[in-house]
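Below: one structure, written as structure tokens.
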Amino acid sequence: MQSLRHDWTLPEIEAIYTLPLTELVYRAATVHREFHAPNQVQGCMLLSIKTGGCPEDCGYCPQSARYDTHVDHQPLMPLDETLEAARAAKAQGATRFCMGAAWRDVPKDGRFERVLDMVRGVRELGMEACCTLGMLNEEQAQALADAGLSAYNHNLDTSPEFYGNIITTRTYQDRLNTLARVRQAGITVCSGGIIGMGESRTQRYGLLRELSNLTPHPESVPVNLLVPVEGTPMADRPKEDPLELVRMIATARILMPQSMVRLSAGRMSLSDEAQAMCFLAGANSVFLGEKLLTTPNPEQDTDQALFQKLGVTLQPANVGN
Ligand code: SAM
Ligand code: DTB
Ligand code: SF4
């Protein structure tokens with residue numbers, strides 16, 4: 001049984017990432033089987049509870065107020081609409097409901113109370129509740145934990161070296177600090193990144209090193225393939241080779257064997273075969289539903305057909321979660 005390590009080095013990560021593809025996938029699949037049911041995938045559903053108008057300048061993001069995109073601003077959603085969406089997500093087989101808000105950080109007013117009510121409501125439905133609300137302070141992290149939040153998503157996105165090319169309005173250290181507060185409050189950590197933004201392979205190894213050096217590892221590691229959105233600085237990025245996504249997922253699986261590795265944004269641009277390779281390489285979680293936060297995701301029927309074809313089943317709800 002492979003033991004958990006938190007001291008992976010760049011040369012070690014490079015040596016794994018650049019293995020001949022079949023060797024890499026074989027090794028990742030072997031690790032995957034040691035720690036997880038190989039044909040079971042966790043279904044998560046996203047809902048954008050507050051959309052657009054974000055003051056940050058993340059170069060990939062359609063919700064930044066700095067870019068003119070298709071996204072219309074929407075204030076924080078009412079509680080009942082949010083819970084209605086959570087019920088629909090549960091009916092589609094999702095066991096985790098993820099609420100995303102385009103905030104730099106959590107507002108210190110009644111809106112945070114409403115988010116806490118949303119978390120409590122989702123938990124009462126018997127689902128895992130996840131939030132991604134930007135930066136948190138200690139009190140906010142604790143309040144979310146007290147409301148029963150299962151996980152908090154805050155991505156490192158890329159390597160420390162490449163980060164400044166993508167985001168200038170907050171630092172890498174800000175992100176690490178938020179993750180530490182989430183961990184300290186006893187909430188599980190969901191943190192990953194994006195490929196296809198023009199980063200080098202070495203910069204991908206840098207992201208993987210940061211994630212795998214977190215102690216403990218993030219319980220969830222979302223691997224996003226850039227969805228280029230008109231109006232953002234990344235609109236014209238050439239499409240990344242899907243096999244790079246397979247390599248990224250396989251390497252994440254080997255470095256962080258116990259974590260859920262989520263094949264996240266970008267599935268619309270992947271063939272069934274590419275998605276099958278991602279599952280073989282150790283991805284064991286996806287976002288269900290026809291929309292991510294603001295961009296399209298496969299329809300329910302399309303995913304059902306894919307899962308049936310591959311013999312993949314959705315993970316049943318965790319008793320006690
Ligand atoms: N404002 C919060 C924050 O930044 O933490 C939460 C929402 S933000 C949209 C969550 C994550 O979605 C980002 O960190 C990024 O990794 C991912 N994301 C956003 N736009 C994307 C895109 N166009 N393609 C791929 N991933 C994207
Ligand atoms: C993550 O890593 N990916 C999700 C979730 N965490 C919040 C978001 C993807 C967003 C893709 C662009 C959009 O739909 O706006
Ligand atoms: Fe704002 Fe988050 Fe988008 Fe960055 S990724 S612009 S913080 S919503």
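Values in this text are rule-based calculations from the coordinates and carry no lab data. Please read all numbers here as calculations on a predicted model, not as lab measurements. Quick reminder, even Gly has a Cβ in these numbers, built from the backbone with ideal geometry, and neighbours come from all protein chains shown.
Identify all lysines with a Cα-Cα distance to LYS108 below 21 Å; exclude those on the same chain that are fewer than 8 residues away in sequence. Result set, ordered by chain and number: LYS50.
For segment 83-95, 3J(HN,Hα) computed residue by residue from phi via the Karplus equation (6.51, -1.76, 1.60; θ = phi - 60°) reads 6, 4, 5, 5, 4, 5, 5, 4, 5, 8, x, 6, 10 Hz, glycine and proline entered as x. For ILE195, the residues whose amide H sits under 5 Å from its own are ASN224, LEU225, LEU226, ignoring neighbours fewer than 5 places away on the same chain, with H placed 1.01 Å from N.
Within the chain, CYS44, CYS54, CYS131, CYS190, CYS278 have no other Cys Cβ under 4.7 Å of their Cβ and so lack a disulfide-compatible partner by this rule. If R₀ is 25 angstrom, what is the calculated FRET efficiency for the pair LEU310 and ARG237, using the beta carbon separation as r and rounding to 0.05? It comes out at approximately 0.30.
Antiparallel DSSP bridges in segment 10-306: what percent, to the nearest 5? Numbers along the way, then the final one.
Numbers: 2 of 35 bridges.
Of all bridge pairs located within segment 10-306, approximately 5 percent are antiparallel.
Remark: the chain is approximated by an ellipsoid whose semi-axes, taken from the C-alpha gyration tensor as √(5λ), come to 27, 22, 20 Å, largest first. Considering helices alone, the calculated mean residue ellipticity of the chain at 222 nm is -12000 deg cm²/dmol, with DSSP H runs of length four and up weighted by -39500 (n - 2.57) and normalised per residue. Which of the lysines could a cross-linker bridge to LYS90, judged by Cα under 16 Å and excluding same-chain residues fewer than eight apart? Filter leaves LYS291.
Ordered by the count of other Cβ atoms within 10 Å of each Cβ, fewest first, GLU84, GLU12 give GLU84, GLU12. With neighbour counts taken as other beta-carbon atoms within 10 Å, the residues PHE35, PHE279, PHE162 rank, fewest first, as PHE35, PHE162, PHE279. Residue separation of GLN300 and GLN142 scaled by 0.36 nm, minus their Cα-Cα distance, works out to 53.4 nm of gained length. Given the C-alpha centroids of segment 111-190 and segment 49-96, what is the distance between them in whole angstrom? Between the Cα centres of segment 111-190 and segment 49-96 lies a distance of 15 Å. Among 201-208, 225-232, the peptide with the highest mean count of other Cβ atoms within 10 Å heads the list, and the full ranking is 201-208, 225-232. Using Cα pairs under 8 angstrom and six or more residues apart, how large is the relative contact order of the chain, in percent? Relative CO of the chain lands at 25 percent.
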